[in-house]
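Where a number appears in this text, it was derived from the coordinates with a stated rule and is not lab data. Remember, it's a predicted structure, so these values are computed and weren't measured experimentally. For neighbour counting, all protein chains shown are included, and Cβ atoms are generated from backbone atoms with ideal geometry for every residue, glycine included.
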Amino acid sequence: MRDQTFAPTRILIYLVVSLIAAAWLAPLVVVVLNSLRTNEEIAQASMIGWPKHWAWSNYAAAWSGFCVAETCAGIRPYMLNSALVTIPATIFSTMLGAIAGYAVSLWRFRGDSWIYGIVTLGLFLPQQMRLLPWTIVLRDIGLINTLTGLVLIHTIQGLSFTTLFCRNYYVAIPHELIRAARIDGAGFFRIFWRIILPLSAPILIVTVIWQFTHIWNEFLYGVTFTSGQQQPVTAALIALSAAVADIPQHGVQSAAVIIAALPTLLIYLLGGRYFVRGLTAGAVK
Amino acid sequence: MTNAVSTATRPGRPAISGALRRLPEYLTIWVPLLLSAAHLVSFSLWTIWISFTPSTLVPVSGWVGLRNYTAVLATRNWKIAFDNLLLFGSAFVLLSVVTGLVLAILLDQRIRGENVLRSIFLYPLAVSFVVTGTVWSWLLNPGVGIQKLVHDLGWTSFKFDWLIDRDMAIWTIVIAAIWQSSGFAMALFLAGLRSVDADLVKAAQIDGAGPFRMYRRVILPTLWPITVTVVVIQLQFAISTFDLVRALTNGGPGIATQLPALVVYDLMFQRSLLGRGAAAAVLMLLILLAVLLPYAAWRYIQQRRATHA
Amino acid sequence: MTALSIRALSKRYANLEVLKGINLDIESGEFTVLVGPSGCGKSTLLNIVAGLDRASSGTVEIGGRVVNDVPPKDRDIAMVFQSYALYPSMTVRQNITFGMECRHVPKAEQDAAVANVAKLLQIEPLLGRKPSQLSGGQRQRVAMGRALVRDPLLFLFDEPLSNLDAKLRVEMRMEIKRLHQRIGATIVYVTHDQIEAMTMATRIAVMHHGQVQQFADPDTVYRYPANLFVARFMGSPPMNTMPARLEADNGGPVVVIGAGRPDEVRLRLRGYDVAASFVGREVVLGIRPECIAEGSRVFSGDAPIVVSAPVEMVEPTGAETMVLLRLGGEAAMARITPDIRPTLGASADFALDTRRICLFDPETERLIA
């Protein structure tokens, strides 16, 4: 089939695909180039252009120099905030989801399908339905405007996804394996540690990548429950845009955008296969 | 023998000590699951309850019936948001599904560099909507973006100012949303194309079907369950779109790109009208249910059919 | 000593009764095979014995101890599974020692036990490998090793050979049988394959609809099936069964197939003791294919009964030839020597071994004689 249809059709296919790919890459290329142009250069020309002087200083300014809301520490503290929220919340939600998924799929217990059904409803329920209760709860337990509060939220809400991912993976493990281990004398935890966990690497990578990307990129909770110095980097980027609305500093802003997007982009580049698997696994809910 | 029977049926000590020994495992199973389920149920009910109270700055008890709902539905803000959602939702879903399908079919032609191309179409999914919105707000800004570039190149009558045009601004969100998530549709469609039975294709080849007929009559009909899934997921995303608009237009110019999620946030945290904000959130949930319930019913029927066949 | 004793055991799921009052006593050293079609409850029964499932009522005793509330690990049993259930992330050695590890057996003792079992099963070169690097037969051996190393009171096998190809299955069948003879273990073995049951068991429990239809040694099950289900389930091809009429003349009982037809077959039964109440009634006659042979065959004992019957189909298998014929209008399979090739459609002579005919009550389906 490939050989017969070579000549014109295939050239056309390559042409179309390349054009679309170029359009998809363009925003990234534009921002990367802008992050290396001076603010003045961009102001004179347009956002789209080749750097005349490589302005590496934009990155230094974005990282620790420019001012957001009267604090001039750059994007660094907000990156740290995001990391301090994302890493623990990813670890907690993945661990708890793995155990919950293991329990739901391989140990039948009374009411398991009911509770699992309710937990997966969390995939659909809009965040807006939970905003006010979370505000009240966080305020009452003293965690409003704290990173710990965000970790708590993302851990609990992430459980819907992590439990689903792990459960769907573990149901494919033969029940006889569990039976054999029970006869060998292993209990709930030992079976998990010695038999299930060593088999779980693929699904744990998918889950970790999914959770990390989602929590890092999350904005609504960040902007609602934290303010000022406690905000994650997504909220800080919006604050930055608002702060410089009058005198745009497109070079520095571009550098800040690149820095903010870098962690998830790197994870995507390194674990793309698992990232896509997570996307499609989330779709088959 | 009688002794044996009584041992078996007596609720003796072994059962209790067994349950105690298994306490840690019960706790580990139940606490996270219960916490997750309980917060979903109670928070939803809580928000619904607030939507029926006269709460403003702080939640208060009291009953105002549907007054918050009628108030929200009567505002221009909500009407525009709802109209925008209809336009944005249908345009975005339609175009992203078509783009995704075209990309998937093109990538399915055993072309070189498929992995690289697939990575290019999917990378926007790894960045946040805030980043996407910010970047597109620059590109679409007539003062510094594409329009300025074309002007500088000499075509000074060129006009591409949708971002500041009240009637067209919503389309900038469509563009950015398509750029961000067509790759997702592509990934699902590609997986569907790859799982088409190879014998089916061979049979169609022997029947003399050309590439076009092959897709139209043999391959694409097998994709429609995936299409429904993609449509529902994209609709779900469209209904809750918030970050993208915040970063791209912030609802403007004026309130021209208002969407329900922005109205909710605005009512709850900027105007401190908690009752109305909650009512708007419940309205969002109802819109979502209008999409999801038919889908759930469809899935249920599909599964019933599959098990009966 | 009674190794396993099951009393009035029942199991219900919602409104489905899977096991209906099972009673079994299995002596130490016995090789018991639970055989039956899928869905007969045999695997559920095995899981209840193992403690992996709970009975709705009744008791299970292992080695004289009621174990209803004893968890699987404390029941002094070992189990071999259909899918082998080898832990994929562990080596063969770790698979075998995992149970001892759970019971905190000292390392030196573990090593000695592994060495012993590995030698017995000839799997020493495999100890360092992962299950994914093993062939089907090797996995089977490791699964048995994992069971053997426990040295339990009772071995449970859950269809352990059904995932193997035909040739390997025959080899492993003999190996398991040899193993049983060598170590004298008590084995309860579940299978749907009646040939496995016949070849390996010291006693067979035939199960159907959640009940034990017959529990006896293989010869008895084969020769005197307790009812029509057992008669048709055990043996391949199965026992021929057909309606017939029981009469009596001065010489004793006579069964008539196709009574009143021109080609009716009258068979005099010698040495049968049939209750008088059945005389003159319809019965079901059962005769195994090997009891119908070519006309020249001499079955030991009395003078053979030879009948002429039309041949409908001939199936040579090499070692023997299967022939479908009509006895008094009823279809029956015969097993004849391959040297004779009867003509299709024509009649041929067949010798019948009337000493091995079974008679069943058509209402209760139970064996009469």
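Results, tabulated for the structure shown:
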| item | result |
| --- | --- |
| The stretch A:153-181 and the stretch B:111-167: distance between their alpha carbon centers, rounded to Å | 40 Å |
| Computed P(r) (all Cα pairs; the stretch C:2-233; 10 Å bins; percent) | 8, 32, 36, 19, 5, 0 |
| Over 17 Å [Cα-Cα, the stretch A:7-57], rounded percent | 48 percent |
| Fewest-first ranking of B:151, A:214, using other Cβ atoms within 10 Å as the exposure measure | B:151, A:214 |
| 12 Å beta-carbon shell around residue C:236, net charge (K/R +1, D/E -1) | 0 |
| Exposure proxy order (Cβ contacts within 10 Å, fewest to most) of C:11, C:107 | C:107, C:11 |
| Average beta-carbon neighbours from other chains, 10 Å sphere, peptide B:111-119 | 3 |
| Cysteines not pairable in the protein assembly as shown (beta carbon separation under 4.7 Å absent) | A:166, C:40, C:102, C:291, C:358 |
| The stretch A:76-283 - Rg and Dmax from Cα coordinates, angstrom | 19.5, 72 |
| Fraction of the pair-distance distribution of chain B above 31 Å, Cα-Cα pairs, percent | 53 percent |
| FRET efficiency for residue A:140 and residue B:23, using Cβ-Cβ distance with R0 set to 45 Å, rounded to 0.05 | 0.95 |
| Separation of alpha-carbon centers, the stretch C:50-107 and the stretch C:240-300, rounded to whole Å | 51 Å |
| Inter-label distance, nm, simple model (7 Å from Cα along the C-beta direction), residue C:20/residue A:19 | 7.4 nm |
| Cα-projected label distance for residue C:151 with residue A:11, points at 7 Å along beta-carbon direction, nm | 8.1 nm |
| Max mean-square fluctuation residue, GNM over chain B, Cα-Cα springs under 10 Å, options B:85, B:274, B:286 | B:286 |
| Averaged over A:79-89, number of beta-carbon atoms from partner chains that fall within 10 Å | 0 |
| Chain A - mean residue ellipticity at 222 nm from DSSP helices (-39,500 (n - 2.57) per run, n ≥ 4, rounded to 500) | -22500 deg cm²/dmol |
| The stretch A:175-223: proportion of alpha-carbon pairs further apart than 11 angstrom, % | 73 percent |
| Cα-based convex hull volume of the stretch B:85-177 per residue, rounded to whole Å³ | 133 Å³ |
| Relative exposure of C:234, C:242, judged by other C-beta atoms within 10 Å (fewest first) | C:242, C:234 |
| Local electrostatic count at residue C:289 - Lys and Arg +1, Asp and Glu -1, tallied over other residues with Cβ under 12 Å | -1 |
| Residue B:158/residue A:64 FRET efficiency (R0 51 Å; Cβ-Cβ; nearest 0.05) | 0.80 |
| Most mobile of B:143, B:208, B:252 in a GNM of chain B (Cα contacts under 10 Å) | B:208 |
| Net charge of neighbours whose Cβ lies under 12 Å from the Cβ of residue C:177, counting Lys and Arg as +1 and Asp and Glu as -1 | 0 |
| Shielding by other protein chains, A:246-252, mean Cβ within 10 Å | 1 |
| Cβ-Cβ FRET estimate between residue C:219 and residue B:41, R0 fixed at 60 Å, reported to 0.05 | 0.40 |
| Estimated Rh, the stretch A:18-106: Kirkwood, alpha-carbon pairs, angstrom | 16.7 Å |
| Estimated distance in nm for a label pair at residue A:29 and residue C:178, the labels positioned 7 Å out from Cα along Cα-to-Cβ | 7.2 nm |
| Between the stretch A:256-283 and the stretch C:167-185, the alpha-carbon center distance in angstrom | 54 Å |
| GNM result for chain A, Cα springs below 10 Å: residue of A:27, A:51, A:248 fluctuating most strongly | A:27 |
| Rh by Kirkwood over Cα pairs, then Stokes-Einstein D for the protein assembly as shown at 1.567 mPa s and 4 °C, µm²/s | 38 µm²/s |
